[in-house]
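Report on one structure; see the data block that follows.
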Amino acid sequence: MSDLGRPSSSPASSPVSSPAGSPAGSATSTPVGRRSLLRAGALTAGALTTLGATSGVAATSPQVRQAASAGGLVTRRLTLPSGVQSGDVTPRTAVLWARSSGRGRLVAHLRSGRRRRVVRGPWATDASDLTAKIALDGLAPGREWEAELAFEDEQGRRGEARVARFSTPSLRPAATSFVWTGDTCGQGWGINPDLGGLRGYAAMHATRPDLFVHAGDTVYSDGPIAAEVVEPDGQVWRNLVIPEVTKVAETLAEFRGRHRYNLMDDNVRAFYADTPVVAQWDDHETTNNWWPGEVLTDERYTAERRVDVLAARARRAWQEWQPIADPRAHGRGSGFAEARIYRKVSRGAHLDVFCLDMRTFKDPNTPGLEQERTSVLGREQLDWLVREVRRSTATWKVISADLPIGLVVPDGSAQEGLANRDPGAPLGKEQEIAEVLSAFKRHGVRNTVWITADVHYCAAHHYDPARAGFTDFDPFWEFVAGPIASGTFGPNDLDGTFGPEVVFSKVAGTPGESPRAGNQFFGHAAIDRAGLLTMSLRDQSGAVLFSRDLEPQVATH
């Protein structure tokens, strides 16, 4: 097994026939020498492929243009209009992602130290919105990696190349860090070039984290973005706009356009090129507060109101555009649930991240006062979460939930979230969380921390059975951080069922506050070599608003 990684046996996007004679859509790996690497590295972005060194004709000359139109000998090289990404990076696996400007095959020049390898991935076609992924396996833990990504066209000509950088976590105790947030380009606040674009991403980038968890609402498919928005104080917010964001998304092309829009921002592309992503979805990737089987009454939806149809299109676009692997690429024992968004991402000796899906299996929104259990996780995911957290040998088990536990999140007269304003015994969807927390206590699980976004402000909550209507659980922390580029709200009411206490919060000055005010938030987690976890909440400038050190506890059994 090479420590430079091998591609998985299953491509992460739909393959087409390969003109190079290799199996259709297959990913192959070929050793590459120093000379060929230097030649590949000499190619620059946006250049034209010329007639060859002996022609003596400049790429921009009229002769070249005439030759191109006459015989097709000159074509514009494929580019990377949405940058490059890595994602779901574990000690031995990673996913590489890029989008091409046209039909092409994704090729990665993988480097770590003096080792080199070329990995040839699947073809990007219209069927995948010109996106492609390479799922790597067999990487060496505890190393820094560079993956120079480019697309080759059908004639084998290499296009624009960009580098995605990531580090595989060490299997030995080592310092590590991550950031998290949610809620990108919501409430009509999009990319404002006058203010430097999505500046919160630059602030996260400046912390140089090992990982980024986007805890849901990666896009706002239900939130049209206008060219100008007049703010309450009379200032004019000017958005970059493309056609796909000017209305609610209904078609697959419109859902795809939402993801393309966010990656038009320089800050986002730079951050993603340097930081592996763990992507999570919530409601706005499809539409606000949705659940399976819902039929919308929103008159803005004129072509399709069946949420199941919209969600299928939204999920396809989301999985095309996020660096999340095809489940078939993960072997047994990886913690990855096949055909599911929820998954475990191992980050070495000190950290496992458990990424939940609290949307796909959700029962309808009601007041939440049912005596019988209603679903937000579903039986399969609930059992998976308890099993995988029990099995985890990492010091810290961080659970990324796209809905908060104790905050009341209304949906008209119903409840969008878990909490129901009743501080007594668990009812409705609360019963699933009660089962999870009780199982953790029963099995002696220690050092669980919950992170979330969703409510558009930041907060630190401590949960304790001494304050709770339900007491069969051990105390734990929940940290809330967001939005990163949306309207700011809060605070929300707390439900006392699990005994939450607000230790810190920072909210909007006025509901729906513009990002211009600076109340955009993200969370930062740093674990030192000994296992001490420092959780902090930060604003759009990167300033630390709150920090708490958490000492790891020894498991009881």
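The values are calculated or read from the model by the stated rules, or taken from the named source; none is laboratory data. Fair warning: this is a prediction, and the values are worked out from it, not measured in the lab. Virtual Cβ from ideal backbone geometry, glycine too; neighbours counted across all protein chains shown. Note: areas computed on protein heavy atoms with side chains; ligands, DNA, RNA excluded. Shrake-Rupley method; radii C 1.70, N 1.55, O 1.52, S 1.80 Å.
Show which lysines lie in cross-link reach of residue 344 when reach means a straight Cα distance below 16 angstrom and same-chain residues fewer than eight apart are skipped.
Filter leaves 397.
Checking the cross-link filter: which lysines have an alpha carbon closer than 22 Å to that of residue 429, excluding same-chain neighbours under 8 positions apart?
Leaving aside lysines fewer than 8 places away in the same chain, those within reach of residue 429 are 362, 441.
Report the accessible area of residue 454, computed with a 1.4 Å probe over the heavy atoms of all protein chains in place, in Å² rounded to the nearest 10.
20 Å²
Count the net charge of all other residues whose Cβ sits under 15 Å from the Cβ of residue 231, scoring Lys and Arg as +1 and Asp and Glu as -1.
-2
Quote the relative contact order of the stretch 125-257 in percent (integer), defining contacts as alpha-carbon pairs under 8 Å separated by 6+ residues.
On the way: 167 pairs, mean separation 25.6, N = 133.
It comes to 19 percent, rounded to a whole number.
Just want to confirm a number: the relative contact order over the stretch 388-500, from Cα pairs under 8 angstrom separated by 6+ residues, in percent.
32 percent
Return one whole number: the accessible area per residue of the stretch 366-457 in Å², for a 1.4 Å probe.
32 Å²
Please report the net charge: other residues with Cβ closer than 10 Å to the Cβ of residue 534, K and R +1, D and E -1.
-1
Per residue, how much accessible area does the stretch 79-172 show when a 1.4 Å probe rolls over the protein heavy atoms, in square angstrom? Before the final figure, lay out each step's value.
Details: 3030 Å² over 94 residues.
Per-residue value: 32 Å².
Around residue 192, what is the net charge, scoring Lys/Arg as +1 and Asp/Glu as -1 over all other residues with Cβ under 15 Å from its Cβ?
-3
At 1.4 Å probe size, with no ligands or nucleic acids counted, give the accessible surface of residue 477 in Å², nearest ten.
Taking all protein chains as shown, residue 477 has close to 30 Å².
Given a cut-off of under 8 Å on Cα pairs at least six residues apart, what relative contact order in percent is computed for the stretch 122-185? Mind dumping the intermediate values first?
Working: 58 pairs, mean separation 17.1, N = 64.
Result for the stretch 122-185 is 27 percent.
Computing the accessible area with a 1.4 Å probe over protein heavy atoms, can you report the carbon and sulfur percentage for the stretch 269-319?
For the stretch 269-319, the apolar C and S fraction of the accessible surface comes to 46 percent.
Which aspartates and glutamates does residue 133 reach when only Cα atoms under 15 Å apart count, and residues fewer than 8 places away in its own chain are ignored?
The qualifying aspartates and glutamates are 88, 148, 152, 320, 326.
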